[in-house]
Amino acid sequence: MLAFGLLVMVLLLVMGLGFLGKQADTYRASAQTAAASQALEVAMAGLEDARVKLMKDFKFPPPGEVDQPQYCYTEILRDPGGQAVGSYTVTIDSRWKGPPSSILKIEVWGYWGDPDNPPISSRRVTAEWEEAEFLRGTESLATPVPNPEVGRLMHFQDHGGL
């Protein structure tokens, strides 16, 4: 009887440890999901920053060398207390700036965590900035058709996953 009781106690102990291990995995997955969501929000902040700069400054991005079609910048995000909580890196590719495409490709990497350490999570989003003043194919007409999408972000894509 004593051996049977000891066997039942060991079985209950193993089941309890397994349950605790499963809870730890659940908490870890929950923390990773939250960090991935925060990294996505940081990337979206970088995309919005690029959009505002493109809207407000007609010379943005600054012209580079002929063989340098990409412009890249990084900014650090801080909480209200001034502590760095994340950063984003924006790359604007102007290889398709002129006709016939007239778009800028924008890629943003959002990093959640202290920028001085490896990021807790990262996320990449891409979009295209429409630059064509007139609808494609109507430029040669006597009265070209204005493009209603000029100055807007098109083809947004989130390249991350939770």
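Computed quantities for the displayed model
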| read-out | value |
| --- | --- |
| For Asp114, solvent-accessible area (1.4 Å; no DNA, RNA or ligand), Å² | 60 Å² |
| For segment 87-162: accessible area per residue (Å², 1.4 Å) | 58 Å² |
| Carbon + sulfur, % of accessible area of segment 25-162 - ligands and nucleic acids excluded, 1.4 Å | 54 percent |
| Long-range HN-HN contacts of Asn147 with modeled amide H, under 5 Å | Phe134, Leu135 |
| Amide H partners (placed H, <5 Å) of Arg78, local residues excluded | Val85 |
| Integer Hz, Karplus 6.51/-1.76/1.60 couplings in order for segment 83-88, x for Gly and Pro | 7, 5, 10, x, 7, 9 |
| For segment 126-136, 3J(HN,Hα) per residue [Karplus equation, 6.51 cos²θ - 1.76 cosθ + 1.60, θ = phi - 60°, Hz, x = Gly/Pro] | 10, 7, 10, 9, 6, 10, 5, 6, 10, 4, 4 |
| Nearest-ten-degree value, helix 2-56 long axis tilted from longest Cα axis of the chain | 10 degrees |
| Proximal lysine pairs, the chain, alpha carbons under 23 Å, eight or more residues apart or interchain | 7 |
| Relative contact order, percent, the chain [alpha-carbon distance under 8 Å, six or more residues apart] | 20 percent |
| From phi via Karplus (6.51, -1.76, 1.60), per-residue ³J(HN,Hα) for segment 92-103 in Hz, x at Gly/Pro | 10, 9, 9, 5, 10, 5, x, x, x, 6, 6, 9 |
| Options [x] 1.06; [y] 1.18; [z] 1.66 - which one matches Cα Rg over 2.2 N^0.38 Å as calculated here | [z] |
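The values are calculated or read from the model by the stated rules, or taken from the named source; none is laboratory data. Remember, predicted model here, so these are calculated numbers, not experimental data. To get the accessible areas, we keep the full protein, side chains included, count just its heavy atoms, and leave off ligands, DNA and RNA. Shrake-Rupley method; radii C 1.70, N 1.55, O 1.52, S 1.80 Å.
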